Structure formats: C-alpha cells, structure tokens
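The values are calculated or read from the model by the stated rules, or taken from the named source; none is laboratory data. What you see is a predicted model, and the numbers here were worked out from it, not measured in a lab. Backbone-built Cβ (ideal geometry, glycine too); neighbour counts: all protein chains shown.
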Amino acid sequence: MTSETLPAQDLSTVRVAVAAALDRKALELRVLDLDAISDFTEFFLICSGTSDRQVQAIADAIVESLREVGHRPLAVEGYKHGTWILLDYGSFVAHVFDQETRSFYALERLWADAPDVTERARG
C-alpha cells in the first residue's frame, strides 16, 4: 500500500500526533512512510526537542492527544532519560529525540528508502 492509497484513518492518527508535536515546538519534524519496506509499522514520526524536558513534553503531548481520540501506545521506551523517547502505536512509531541523539542515530539515513510524507501528514 503506498502513501497515496493509505487508509484515511491511519493518516488522520499520524496527523493528530504531528499536530501535538508541533504544538510543543518540535524541531525538524519528519514523517516517513515505511509501509512498502517494513513489516512492523507503516510510519515513523521523527522529531527533536532542545532539552530532555522538551523531549518529554513533546512525547506527553502526543500521548495525550492520541488518547483523546481513543489511541494508547503499545509501548513507551526511554521516557525517564528524555534523550530518545519511542512511542509505539502499532501502525506508526513516534521517535522524539534530543538533537545530539538524533544526529548520532540518524534514522532518516537508515530509512532513506522510505518516502517522506511530512507535508501530507501536516494536513
């Protein structure tokens, strides 16, 4: 399934997360469509914060906004340290990094074959 044929419900869920992250001033937000190249999720939402507290605030905003529309994460990793918080929602995974950790792991380079659908996800 390509991003052009993506079910509206999946994209609308990602859009809720994108809006929540941007509301908390997330930096360099990207949404990658992994559907054609991954078996474990359809999208990565990747963004950064300038401090551990902002990274946690971005993650909190995503969790709260999605909870309001009936979605709970399957798993949350890294919250305590606030350098890389992973929020697994099954159909998409949100990665909220501090800038140094994001640069080190460079997920966008690792998943360079994934189409960037950021503009579509901003809605």
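Annotations for the structure displayed:
- Look at region 109-121: where a residue is under 11 Å from Phe43 (Cβ atoms) and a partner is of a type in the set (Asp, Glu), sitting 6+ places away or on another chain with Cβ atoms under 7 Å, you get Ala114/Asp33; Pro115/Asp33; Val117/Asp33.
- Scope region 58-81; condition among the charged types (D, E, K, R), farther than 22 Å from Asp98 by Cα and out of contact with any Leu (no Cβ under 9 Å at 6 or more places or on another chain); matching residues: Arg67, Glu68
- Across region 40-66, the qualifying residues are those that are of a type outside the set (A, V, I, L, M) and under 15 Å from Leu22 (Cβ atoms), and the one among them that is nearest to the chain's Cα centre (by Cα) is Cys47.
- Sole exception among (1) farther than 22 Å from Glu108 by Cβ; (2) modelled with pLDDT of 95 or more; (3) surrounded by fewer than 18 Cβ atoms within 10 Å (Cβ to Cβ) for Glu77, by number: (1)
- Qualifying positions in region 48-62 - buried (at least 21 other Cβ atoms within 10 Å of the Cβ) and among the hydrophobic types (A, V, I, L, M, F, W, C): Val55, Ile58, Ala59, Ile62
- Qualifying residue in region 29-39 (condition: surrounded by fewer than 18 Cβ atoms within 10 Å (Cβ to Cβ), among the charged types (D, E, K, R) and at pLDDT below 95): yes
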